[in-house]
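Structure record follows, encoded as structure tokens.
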Amino acid sequence: MEARTHSLLNELNFDKGGFFDLGHPLLNRIAESFIKAAGIGAVQAVSREAYFTAVEVSGLDSGNGAPEIPGAKKHRFPELRGATNRNSLEAMVKSTGKESLQWGLAAGVYSGLTYGLKETRGAHDWKNSAVAGAITGVALALTSDDTSHEQIVQCAITGAAISTAANLLSGIF
């Protein structure tokens, strides 16, 4: 038998055929992006709560010289202070699920748009990235709890700028 080594990067590569076969490359790409990003969102949400719990338990959040993170929410999951462990677990699952859904939505929308625009226009350039980033930014803004017109515009501009910069810098690195 021949020993083979696999890296994480090889496992997450889109070019090898993927996890799904939904009958169309666009659907496959959207589904794979959604699943992968949703997993990352779940890990990020749980790790954030673990951090805030550790800080609270250690007493560092009571002004004992701990650095403040500007704009950070003290407790991302305030419902976790439930009367029972069951209430805390339910709140954590709900919050983690919401964040996973947001990450998956962003990845699926962006991936689907970039693929669709590439197929439609016949080119993959900064224009495709700007449009896909802007629409993805709007989709993310609409999933937040208190959406305002300014927030939607800001997220669209930010998404377009980040996506365009990533596309332009991909040729350099």
Exercise for the section: Return only the number of the condition from (1) crowded, with 18+ Cβ neighbours inside 10 Å; (2) more than 20 Å from ARG29 (Cα to Cα) that GLY159 does not satisfy. Expected result: (2)
Exercise for the section: Would you check which residues across region 112-129 are in a helix (DSSP H, G or I) and under 16 Å from LEU26 (Cβ atoms) and list them? Expected result: GLY112, LEU113, THR114, TYR115, GLY116, LEU117, LYS118, GLU119, THR120, ARG121, ASN128
Practice task
Test each condition in (1) farther than 30 Å from ASN128 by Cβ; (2) open to solvent by 60 Å² or more (accessible area, probe 1.4 Å); (3) modelled with pLDDT under 55 for PRO67 and report the one that comes out false.
Solution key: (3)
Exercise for the section: Go over the candidates LEU105, LEU117 one by one and state the one that is in contact (Cβ under 8 Å) with a residue 60 or more places away in the chain and open to solvent by 20 Å² or more (accessible area, probe 1.4 Å). Expected result: LEU105
Exercise for the section: Return a yes/no flag: does region 141-154 have any residue that is buried (at least 20 other Cβ atoms within 10 Å of the Cβ) and aliphatic (A, V, I, L, M). Expected result: yes
Exercise for the section: With respect to ARG86, determine if the residue is in a helix (DSSP H, G or I), open to solvent by 40 Å² or more (accessible area, probe 1.4 Å), among the charged types (D, E, K, R) and at pLDDT below 90. Expected result: yes
Exercise for the section: Kindly check whether there is at least one residue in region 130-148 that is among the charged types (D, E, K, R), without any contact (Cβ under 8 Å) to a residue 40 or more places away in the chain and in a helix (DSSP H, G or I). Expected result: no
Completion exercise
Residue pairs qualifying under the 7 Å Cβ cut-off, at least six apart or on distinct chains, with the first in region 21-32 being part of a helix (DSSP H, G or I) and crowded, with 19+ Cβ neighbours inside 10 Å and the second being polar (S, T, N, Q) and at pLDDT 85 or above, are ARG29/SER111; ILE30/SER111
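The values are calculated or read from the model by the stated rules, or taken from the named source; none is laboratory data. All values reported here derive from a predicted model rather than from experimental measurement. Positions of Cβ are backbone-derived with ideal geometry, glycine not excepted, and every protein chain shown enters the neighbour counts. When the accessible area is computed, the model is the full protein with side chains, heavy atoms only, and any ligands, DNA or RNA have been set aside. Shrake-Rupley method; radii C 1.70, N 1.55, O 1.52, S 1.80 Å.
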